[in-house]
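For reference, the structure discussed in these notes is given below.
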Amino acid sequence: MSVAGAEPVLQVAIASKWYRPRGAEPVEAVRDLAFAVAAGEIVCLIGPSGAGKTTTLRILLGLDPAFEGRVSGAEQAGMVFQEPRLLPWRSVEHNVRLGLPRERRGRDLDGLFARLGLTAWRNSYPKALSLGMQRRVALARALADGPRVLVLDEPFVSLDDAAAAELRGLVVDTVDQAGMSVLMVTHNVAEAIGVADRLLLVSRRPATLIADVPLDRPRRERDRAWAETTRATLAARHPDIIAL
Amino acid sequence: MGALTRLASLAVLIGAWQLAALEAGSRLLPAPMAVLRFIVQEAERGDLGHNVGMTLLRVAISFTVAMSLGVVLGVALGRSKAADLSLDTPLLVLLNTPALVITVLAYVWVGLTETAAILAVVLNKLPNVAVIVREGARNLDPGLDEMARAYRLDRRSWARDILIPQLQPYMVTAARSGLSLAWKIVLVVELLGRPDGVGFAINYYFVQSTDVAAIIGYSLVFMAVMIGIDVLLLQRLEAYVRRWR
């Protein structure tokens, strides 16, 4: 559901990003990667492993200032890392509240915990939870302050199919309700075809944008046949990025 | 079962002591009852309480100062390469200077005062704490720091929720090893230049009359106090700090 003509909530224009490890050859991780995410849009960044997708997210979030280019919108983003990155010594509730700036930390979060099915776990420590539940806590932390855009780095990886589908459903419902945008990095093409409004295909290192593919069919009408046709078309066009 | 084994081993130890004392039949190896009698007499005179109290006070003050400064120093060393490089050598020197030398120099330069005594203990213990905490500050999880930056966590929350919990196990280790170190050094410091305390008393009974019952009596009482503090305070603190595991 892209809103045409609206001001983008995220803008990325990375001219180049080099890694210069001491005592080793410099590596160019990203080159000429530019895209925007509009309000309410779900965008998936797809590319081979080690292609510089996570590097792009780190730059976008301001975690790595050593690059050439411009990014904007990080201040209205809620981030979910690939590993949940929860504080094991703090309760689930405390972890989620750390997603809020201190002046709003006492805010009522009952609705959020209920929506994500975390109410019973508020006082547990993260280690008592499964990986899928820990990811939900990380998601709750990202949503706590009502961001305009949710940035997800491989959020469903190493979950079993049922847990991944459930979490995916939660994310999609939440952002649809709140009119939030999503930028999601993944190497799972089927997953991306299932949820995205737009796919961004990224090449091997140095990561550069090779295709910007809108998926027009509304999410609820996407069936297996459509997903397979879409995947086959993409794979025919970009055989080095998308395997059949 | 565990408590029983402990009690049995204690009984064997005391039995062996009793036998050895009987065999020797000398006041240089007093029997357990003789030591106990001394402890009771010394307590009735009030000397025991005063001396143990003074030593405990010195341990408490120097322990607190050394822990606070040591933690701050250790975090600085672990987080800043420049601080580590510039302070590593002085730290190494201090770590390897005998406690006796530090104590004598403190008395010579500061005078035979309470301040010098505390200073000597702090200087002996501080590098230990700093080195242990430095290890903790070097092993901070970079993923959590990145999370903190992505969420623009304020400094106070970062220190309270991310830094200190990761340092806690190191701080408890430093506290436990540091406490036993501190009280041993305090005794030396008292022996060399204080008019009271357990170290003073032991030296007094040694020089005055080689009263071994007194020496063993004082050391047993103080040991019991320190083990009590470790079990009642520090071990519970450790269990509390590790509760989330």
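Counting, for every residue in A:80-88, the Cβ atoms of other protein chains within 10 Å of its Cβ and taking the mean gives 4. For segment B:106-159, the C-alpha radius of gyration divided by 2.2 N^0.38 Å, with N the number of residues, is 1.89. In angstrom, the C-alpha Rg and Dmax of the protein assembly as shown are 32.5, 103.
Summarising the label geometry, the points placed 7 Å from Cα in the beta-carbon direction at B:R37 and B:R243 lie 5.0 nm from one another. A cut-off under 13 angstrom between Cβ atoms defines the neighbours of A:G40, and their net charge, with Lys, Arg +1 and Asp, Glu -1, is -1.
Between B:L28 and B:L57, the FRET efficiency from the beta-carbon distance, with R0 = 35 Å, is close to 0.65. Amide H contacts of A:L183 (H built 1.01 Å from N, in plane; Pro and chain starts excluded): A:V43, A:L150, A:V151, A:L152 sit under 5 Å, all sequence-distant by 5 or more or on other chains. Each helix, a run of at least 4 DSSP H residues, gives -39500 (n - 2.57); summed and divided by the residues of chain B, these come to -27500 deg cm²/dmol at 222 nm. The trypsin sites (Lys or Arg not before Pro) of segment A:199-233 meeting both criteria, a DSSP state outside H, G, I, E and B (loop) and at most 16 other C-beta atoms within 10 angstrom of the site's C-beta, are A:R204, A:R222. Ordering A:D197, A:D176 by the number of other Cβ atoms within 10 Å of each residue's own Cβ, fewest first, gives A:D176, A:D197.
For chain A, modelled as a GNM whose springs connect Cα atoms under 10 angstrom apart, the maximal fluctuation among A:G132, A:G69, A:G111 occurs at A:G111. Which residue, B:G228, B:G199, B:G143, tops the fluctuation ranking in a GNM of chain B built on C-alpha contacts under 10 Å? It is B:G143. Between B:K81 and B:R155, what FRET efficiency comes out of the Förster formula 1/(1 + (r/R0)^6) with R0 = 30 Å and r the beta carbon distance, rounded to 0.05? For B:R155 and B:K81, the calculated efficiency is 0.90. Net charge in the neighbourhood of B:T64 (other residues with Cβ under 14 Å of its Cβ; Lys, Arg +1, Asp, Glu -1) is +2. Roughly speaking, what % of Cα-Cα pairs in segment B:1-137 are separated by over 20 Å, rounded to a whole number? Percent of Cα pairs beyond 20 Å in segment B:1-137: 66. Entry note: segment A:103-244 has Rg to Rh equal to 1.01, where both radii use alpha-carbon atoms and Rh is the Kirkwood radius. Using only the alpha-carbon atoms, how far is helix A:161-178 inclined from the longest principal axis of chain A? Give it as 0 to 90 degrees, nearest 10. Taking the Cα atoms of chain A, the angle to A:161-178 is about 80 degrees. Divide the volume of the convex hull around the Cα atoms of segment B:180-245 by the residue count and you get 80 Å³ per residue. Span-like helix check, chain B: qualifying full DSSP H segments, with Cα axial length of 27 Å or more and mean Kyte-Doolittle of 0.0 or more, are B:2-24, B:47-79, B:114-138, B:164-193. For chain B, averaging the sequence separation of C-alpha pairs within contact (under 8 Å, six or more residues apart) and dividing by the residue count gives a relative contact order of 27 percent. Taking the centroid of alpha carbons for each part, segment B:203-217 and segment A:150-205 are 77 Å apart.
Quarter the surface of the alpha carbon convex hull of segment A:15-165 and you get the mean projected area, 11.1 square nanometres.
If you plug the beta carbon distance of A:A235 and A:R20 into 1/(1 + (r/R0)^6) with R0 = 35 Å, you get a FRET efficiency near 0.50. For chain A, relative contact order (Cα pairs under 8 Å, six or more residues apart, normalised by length) works out to 27 percent. In the Gaussian network model of chain B, springs joining C-alpha atoms below 10 Å, which of B:L73, B:L28, B:L163 carries the largest mean-square fluctuation? Checking each option, the largest mean-square fluctuation is seen for B:L28. With axes computed from alpha carbons, what is the tilt in degrees of helix A:224-237 against the longest principal axis of chain A, rounded to the nearest 10 within 0 to 90? In chain A, helix A:224-237 runs at an angle near 40 degrees to the longest axis.
Looking at the protein assembly as shown, the DSSP beta bridges with both ends there are about 50 percent antiparallel.
With N as its number of residues, chain B has a Cα radius of gyration that, divided by 2.2 N^0.38 Å, comes to 1.24.
Going by neighbour counts of Cβ atoms within 10 Å, the residues B:M67, B:M33 line up, fewest first, as B:M33, B:M67. Annotation for A:D223 and A:D110: the two label points, set 7 Å from Cα along the Cα-Cβ direction, are 4.3 nm apart. Taking other C-beta atoms within 10 angstrom as a stand-in for reagent exposure, A:Y19, B:Y151 fall in the order A:Y19, B:Y151, fewest first.
Looking at segment A:143-244, the DSSP beta bridges with both ends there are about 50 percent antiparallel.
Beta bridges per DSSP, both residues in chain A: antiparallel share near 50 percent.
Read the figures in this text as sums done on the coordinates, not as results from a lab. All values reported here derive from a predicted model rather than from experimental measurement. Positions of Cβ are generated from backbone atoms using ideal geometry, with glycine treated the same way; all protein chains shown enter the neighbour counts.
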